[in-house]
Amino acid sequence: MAAQEKGPRVSQRLPGPDLAAIAAAASREAGGVPVGLLGDYLPAAAEAAAGGRRLTAAELSGYGTSGEQAALAGVALRGLVDLFLSATWRLWRELPAGPSPATVRAAGLAVLRAADDAVAAAAEGFERALLTVARREEAERREFFDDLLSGRGRAGDLIVRGDQLGLRLAGPHQVVVAGPAEAGAALNPAGMEVDAVVADAAAPSPALVATRGGQVVAITGAAGGNEADRVARALARLLAQAPPGTGGRQAPPGAGTGQAPPGAGPEPSPSWRIAVGRPYPGPSGVVRSYEEAVEALDIAERLGLPEPVASAADLLVYQVLLRDRTAITDLVRTVLMPLGAARGGAAPLLATLAAYFARGGVAAAAARDLHLSVRAVTYRLARIRDLTGRDPGLPADALTLQVAVIGARLLNWPATPLPAG
């Protein structure tokens, strides 16, 4: 008898909105976003319309989880928001009308508030998931960079991991290093679109960028042969627009081309420099190119080169000199140390030699660069001959003096005392 009474009561109950049909329609309108991302939103919104309640913390947490799942599944944020809003207006259309305008207004406000809270929670979860993924990918990229550039990783493993990041390490690659000119400083690329700039410059070859030891390191494929040069030029343009304060110093007198004499004001050197290693295949080739670029960066600063971009291939002779530091130190001590006996020390005479050799041994041209009279330059050259016993005008002596001057710049002498020997 009780069972017979239950059936009629159910059949007389007013039909409610078909939540499953509403969710399916909202999914279609949102471009096929999975219905499951709505969770229990529709019944909760219907309850809010009926009684005016707010969504609970547990419900909002669930919508946040839906946002995370959407991000990890590749659903666009716009599609996720569209799913919730489409479900909201479809639900509102199916809700029974209230007995009075005030009741309808209260129900509408409750539904809008529920939609606002649910969408905000889902969007927050979406952004949280993207941030987590970005941090994980950045950590993986940094670990890959460290393993690759330090030479710790196994070649096969590095090739697989590089492939996942878009690098085909089996082929030739070059490394471009950008760093502050001042020792101990760090180049901070924050706020600069370094990744996008490097990717555009290297295209269609793949490229990867990371910071390491206060420097920006870019690895690029070398299939076409000039990708690294394009990357270096693009980085130079980008860094030229960066605000000051990334490091740097004034070049010493006579540095670079030897155009700045003592008392005439030092020629400014860039606050940052870029160096390009040569192309080599395989993970070990990347390490070699990186080491060349780092060494070229150091040499360019030691020489006070005025140009911000240096190529390891163009600085090979200086690398050869530095690899036998004992020999170059002995050469500087033997050939140039007597210049310290001159009035004013060795620095003015070194600047004169640098300008003289840079101008092909033409005293008049060197005098213009040094903002001195020709007589002053010839007097200094004569003093150099008297003190060293070598004549800058004679080819054999000129070669010895020029190599010694280069060695002095590499060793930063006389600003830095030579080691005892």
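Averaging sequence separations of C-alpha pairs under 8 Å and six or more residues apart, then dividing by the length of the chain, give the relative contact order as a whole percent.
Details: 669 pairs, mean separation 49.5, N = 421.
Over the chain, the number comes to 12 percent.
Listed highest first by mean packing, meaning other Cβ atoms within 10 Å per residue, what order do 386-394, 366-374, 149-157 come in? Let's see the in-between values first.
Values: 386-394: 15.7, 366-374: 18.8, 149-157: 13.3.
Put in order of decreasing packing, that is 366-374, 386-394, 149-157.
Applying 1/(1 + (r/R0)^6) with R0 = 41 Å to the Cβ-Cβ distance of Glu143 and Ala58, what FRET efficiency is obtained, to the nearest 0.05? Mind showing how you got there, number by number?
Details: r = 37 Å, r/R0 = 0.91.
Approximately 0.65, to the nearest 0.05.
Find the all-direction average of the projected area of the Cα convex hull for region 380-421, expressing the result in square nanometres with one decimal place. All intermediate terms of the calculation are to be shown ahead of the outcome.
Working: hull surface 14.0 nm².
The number I arrive at for region 380-421 is 3.5 nm².
What size of dipole, in debye to the nearest 20, comes out for the chain about its Cα centre when the only charges are +1 on Lys and Arg C-beta atoms and -1 on Asp and Glu C-beta atoms?
Working: 41 positive and 41 negative charges, 163 e Å.
Using Cβ point charges on Lys, Arg, Asp and Glu, the chain gives about 780 debye.
Which order, highest average first, do 396-406, 277-287, 337-347 follow once you tally other Cβ atoms within 10 Å for each residue and take the mean per peptide? Present the calculation step by step, with values, prior to reporting the outcome.
Details: 396-406: 17.7, 277-287: 20.2, 337-347: 14.7.
With the highest mean Cβ count within 10 Å placed first, the list reads 277-287, 396-406, 337-347.
Mind telling me which of Thr103, Thr329, Thr220 comes out most flexible in a GNM of the chain, alpha-carbon contacts under 10 Å?
Fluctuation is largest for Thr103.
Please report the carbon-and-sulfur percent of the accessible area for region 273-376; probe 1.4 Å, protein heavy atoms only, DNA, RNA and ligands left out. Could the numbers behind the result be given before it?
Values: 2570 of 4600 Å².
It is 56 percent, rounded to a whole number.
Relative contact order for region 298-421: what is it in percent, counting Cα pairs under 8 Å that are at least 6 residues apart? Don't skip to the end; give the middle numbers.
Values: 108 pairs, mean separation 39.8, N = 124.
Computed value for region 298-421: 32 percent relative contact order.
Angle check, please: helix 155-164 long axis (alpha carbons) against the longest principal axis of the chain (alpha carbons), in degrees 0 to 90, nearest 10.
Once rounded, the angle reads 50 degrees.
If amide hydrogens are placed 1.01 Å from N in the peptide plane, which non-local residues have theirs closer than 5 Å to the one on Arg273?
Residues meeting the amide H criterion: Gly179, Ala181.
Can you tell me the FRET efficiency between Val362 and Ala76 if r is taken as the Cβ-Cβ distance and R0 is 45 Å, rounded to the nearest 0.05? Don't skip to the end; give the middle numbers.
Numbers: r = 67 Å, r/R0 = 1.50.
The calculated FRET efficiency here is 0.10.
I need the phi-derived Karplus couplings for region 271-281: 6.51 cos²θ - 1.76 cosθ + 1.60, θ = phi - 60°, integer Hz, Gly and Pro marked x.
Per-residue couplings from phi come out as 7, 9, 9, 10, 10, 10, x, 7, x, 9, x Hz.
How large, in percent, is the carbon and sulfur part of the accessible surface of region 76-127 at a probe radius of 1.4 Å?
Numbers: 1750 of 2820 Å².
Carbon plus sulfur share of accessible area: 62 percent.
Leaving out ligands and nucleic acids, and using a 1.4 Å probe, what accessible area per residue does the chain come to in Å²?
Value returned for the chain: 50 Å² of accessible area per residue.
What does the charge dipole of region 56-196 about its Cα centre add up to, to the nearest 20 debye, if the Cβ of each Lys and Arg holds +1 and the Cβ of each Asp and Glu holds -1?
On the way: 14 positive and 19 negative charges, 72 e Å.
Computed charge dipole of region 56-196: roughly 340 debye.
Would you be so kind as to identify which of Thr220, Ala293, Pro338 lies farthest towards the positive end of the dipole of the chain, taking Lys and Arg as +1 and Asp and Glu as -1 on Cβ and the Cα centre as origin?
After comparing all options, I get Pro338.
In degrees, nearest 10, range 0 to 90: what is the angle between the Cα axis of helix 2-12 and the longest Cα principal axis of the chain?
Once rounded, the angle reads 60 degrees.
Between the helical axis of 374-388 and the dominant principal axis of the chain, each derived from Cα atoms, what acute angle in degrees is found, rounded to the nearest 10?
Helix 374-388 and the main axis of the chain meet at about 80 degrees.
Identify which of Arg333, Arg54, Arg325 has the largest mean-square fluctuation in a Gaussian network model of the chain, with springs joining Cα atoms closer than 10 Å.
Top of the fluctuation ranking is Arg54.
Quote to one decimal, in nm, the extra length available between Ala313 and Val403 on full extension: 0.36 nm per residue of separation minus the C-alpha distance between them.
Numbers: separation 90, 0.36 × 90 = 32.40 nm, distance 1.85 nm.
Length difference between fully extended and current span is 30.6 nm.
Toward the positive end of the charge dipole of the chain, about the Cα centre and with charges on Cβ (Lys, Arg +1; Asp, Glu -1), which of Ala120, Ala355, Gly162 goes farthest?
Sorting the options by dipole projection puts first Ala355.
Considering the options Ala408, Ala236, His173, tell which one lies farthest towards the positive end of the dipole of the chain, charges being +1 on Lys and Arg and -1 on Asp and Glu at the Cβ, about the Cα centre.
Ala408
Using only helices, what value at 222 nm comes out for the chain when you add -39,500 (n - 2.57) per DSSP H run of length 4 or more and divide by the total residues, to the nearest 500 deg cm²/dmol?
Numbers: 16 runs with 244 residues, N = 421.
Using -39500 (n - 2.57) per qualifying helix, the result is -19000 deg cm²/dmol.
Just to verify a number: FRET efficiency for Arg233 and Arg302, C-beta to C-beta distance, R0 = 25 Å, to 0.05? Let's see the in-between values first.
Numbers: r = 23 Å, r/R0 = 0.92.
With R0 = 25 Å, the Cβ-Cβ based efficiency is 0.60.
The values are calculated or read from the model by the stated rules, or taken from the named source; none is laboratory data. Small disclaimer: the values here were computed from a predicted structure and weren't measured. We place every Cβ from the backbone using ideal geometry, glycine too, and count neighbours over all the protein chains shown. With ligands, DNA and RNA removed, areas are computed over all heavy atoms of the protein, side chains included. Shrake-Rupley method; radii C 1.70, N 1.55, O 1.52, S 1.80 Å.
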